[in-house]
Amino acid sequence: MTDDKTKNGAAPDAEAEATENLKFTPARDGEKTIDADGDIIDAELLSDEDGEETDFAGFPGMDEGMMAQVQEMMGKLERVEVLEKENADLKFKLGRLAADFDGYRTRTTQDLDAAEGQGIAKAAEQLMPVYDDLERAVTMGSEDPAKLIPGVKAVQTKVLTIFSKLGLEMTGQEGEHFDPQWHEALQAVPGDEDDRIVQVFQAGFRMGDKLVRPARVVVSRKG
């Protein structure tokens, strides 16, 4: 019976099946495997040649460490893209801020110029009556010199009234105590007490705590 199976080709089929099993059956840990020719090979080499352990996520030859590096690099590139967008947004906002500041500075300059012009016009308007009084005093003095002095004194009084309305206060009158904050001593003369104004060369003016012009005076020195 054995001879009949050999003649009918059964034995060669069994031999082929055994060969296939030897070639493709993976070895256990620490064991060797045999190829179709009967040579002993390392199962790890066979796995490497088949590419089943070195392929990662569809990329031939890429292991897990390499894939981690690629993912880290891609994350950094995405971060760079986000930073570039944020930088562009900041530049845009800075440009808008600079334009707004330029507009504000222009408007402020214009407002200051307008306020200064209005202040000058207001002060000139206050002084126009003084000019009119001086013109009348000169006309009357040319006709009668005796009337010139009263006319000039009236103009002087009006000027001081206008200064008072503008917030100006005269300082440096005779008999006033000398104060270096408001007065400038041009000369010292003997007197009954120290630092008393005895003569005024030029009146001074102040506006609150701010000195506009110091009074130029002569002061006494007790001697």
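At-a-glance table
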| quantity | calculated |
| --- | --- |
| From the options Ala123, Ala99, residue that is modelled with pLDDT under 90, open to solvent by less than 80 Å² (accessible area, probe 1.4 Å), within 17 Å of the chain's Cα centre (by Cα) and of a type outside the set (D, E, K, R) | Ala99 |
| Long-range neighbours under 6 Å by Cβ, at least six apart or interchain, first residue of a type in the set (A, V, I, L, M) within segment 169-182, second in a loop (DSSP other than H, G, I, E, B) and open to solvent by less than 40 Å² (accessible area, probe 1.4 Å) | Met170/Ala203 |
| Among the residues listed as Val218, Val155, Val130, Val159, the single one being at pLDDT 90 or above and either part of a loop (DSSP other than H, G, I, E, B) or surrounded by 15 or more Cβ atoms within 10 Å (Cβ to Cβ) (or both) | Val218 |
| Subset tally (residues that are of a type in the set (S, T, N, Q) and under 16 Å from Lys210 (Cα atoms)) for segment 135-189 | 3 |
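The values are calculated or read from the model by the stated rules, or taken from the named source; none is laboratory data. The structure displayed is predicted, hence computed values, not measured ones. FYI the Cβ positions are ideal-geometry reconstructions off the backbone, even for glycines, and counts take in every protein chain you see. For the accessible areas, the whole protein counts, side chains as well, though only heavy atoms, and no ligand, DNA or RNA atoms are used. Shrake-Rupley method; radii C 1.70, N 1.55, O 1.52, S 1.80 Å.
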